[in-house]
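Novice: The structure follows.
Read-outs: derived from the displayed coordinates by stated rules, not from any lab. Quick caveat, the model's predicted, so the values are computed rather than measured. Positions of Cβ are backbone-derived with ideal geometry, glycine not excepted, and every protein chain shown enters the neighbour counts.
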């Protein structure tokens, strides 16, 4: 009887611990979701400067009315200038966007507005690089499993070489060395685009790591699955597409999510190759105002919001796939 009560007490304690863990997960998920949504809204909400830049491409006879509408509708993110208040030719002075963060101490509202474009670049570079990495990693993983010695050898060489070189070195090579090679060979007038070269460097590096994730996931599926698919009349490509890869995706979802989070954090390295991302904007503000403590606290907090939100989304996807 005593043993039965001990087992019952253990089960009850385990259920209560699971409920508390679930409550903590839900609380952190919704808090980070709200913070990430507000950050996303603030980052991508159009400002007066952005809208006026688009209006400048319209025919001149239509610009006047649209300019008045943009000034009335959208807040300004101009850097505050005390001298412009005495200039009668300036219609608006200061950054209206800073008023959104009136509850924050100085200089955090000004820093947030200044880093707004950098946050946008960080998000776009990360998403673009990750989507391309999924494709490159899939081909790399299949190449590692190919029966052809040439394809297998090329894929293996790619993975081993790229994983042995630091990401920062690769980004610098793609931005400085690769354009120089093009200029000296086939494209004399080529000018490197920092964002394009940064995305290419990130994809080239993380594609090697993603290749190993795909390879491990595909190899985790029992060989009998492939044999059964081939016995039903499927080709090897059809078996991979409809049988093997869908099962492997469930296995590799956690490491794929971890790669996205790692890519988001490593995107800060693109600031070394003239990309005006969040880290670069923080460095520019610090060099202009000489306040490293406030700047890097804010930069770290912004990265933390994005990474925790990404981790919770990955966890949510894992839960959905397990229950389905």
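Novice: What whole-number distance in Å separates the alpha-carbon centres of region 39-81 and region 248-284?
Specialist: Measuring centre to centre over Cα atoms gives 30 Å.
Novice: Which of the three applies to region 116-166, rounded, prolate or oblate, going by the alpha-carbon gyration tensor with a ≥ b ≥ c and a/c under 1.5 meaning rounded?
Specialist: oblate
Novice: Another question, if that's okay. Rounded, prolate or oblate, given the Cα gyration tensor of region 179-324, with a/c below 1.5 counting as rounded?
Specialist: oblate
Novice: Taking the simple approach of a point 7 Å from Cα along Cα-to-Cβ for both residue 61 and residue 296, what is their distance in nm?
Specialist: It is 5.8 nm.
Novice: Could I ask something else about it? How would you rank 67-76, 206-215, highest first, on the average number of other Cβ atoms within 10 Å across their residues? Mind dumping the intermediate values first?
Specialist: Details: 67-76: 15.0, 206-215: 22.6.
Result, highest mean first: 206-215, 67-76.
Novice: Same structure, new question: Sorting 123, 218 on the 10 Å Cβ count, fewest up front, what's the list? Intermediate values should be presented prior to the final figure.
Specialist: On the way: 123 19, 218 22.
Ascending number of Cβ neighbours within 10 Å: 123, 218.
Novice: So, one more: Which order do 290, 114 fall in if you start with the one that has the fewest other Cβ atoms within 10 Å?
Specialist: Working: 290 8, 114 21.
Fewest to most other Cβ atoms nearby, the residues stand as 290, 114.
Novice: State, to one decimal in nm, how far the label point of residue 316 lies from the label point of residue 230, with both points 7 Å from Cα in the Cβ direction.
Specialist: In this crude label model, residue 316 to residue 230 measures out at 4.2 nm.
Novice: Most exposed first by the Cβ proxy, i.e. fewest other Cβ within 10 Å, how do 33, 235, 198, 271 rank?
Specialist: Taking fewest neighbouring Cβ atoms as first place, the list is 235, 33, 271, 198.
Novice: Just order 6-17, 298-309 by mean Cβ neighbour count inside 10 Å, highest at the front, would you?
Specialist: The most tightly packed comes first, giving 298-309, 6-17.
Novice: Hey, what number do you get for the chain at 222 nm if only DSSP H runs of n ≥ 4 count, each worth -39500 (n - 2.57), divided across all residues, to the nearest 500?
Specialist: Result for the chain, helices only: -24500 deg cm²/dmol.
Novice: So, one more: Could I have the simple spin-label model distance between residue 304 and residue 151, label points 7 Å from Cα toward Cβ, reported in nm to one decimal?
Specialist: It is 4.7 nm.
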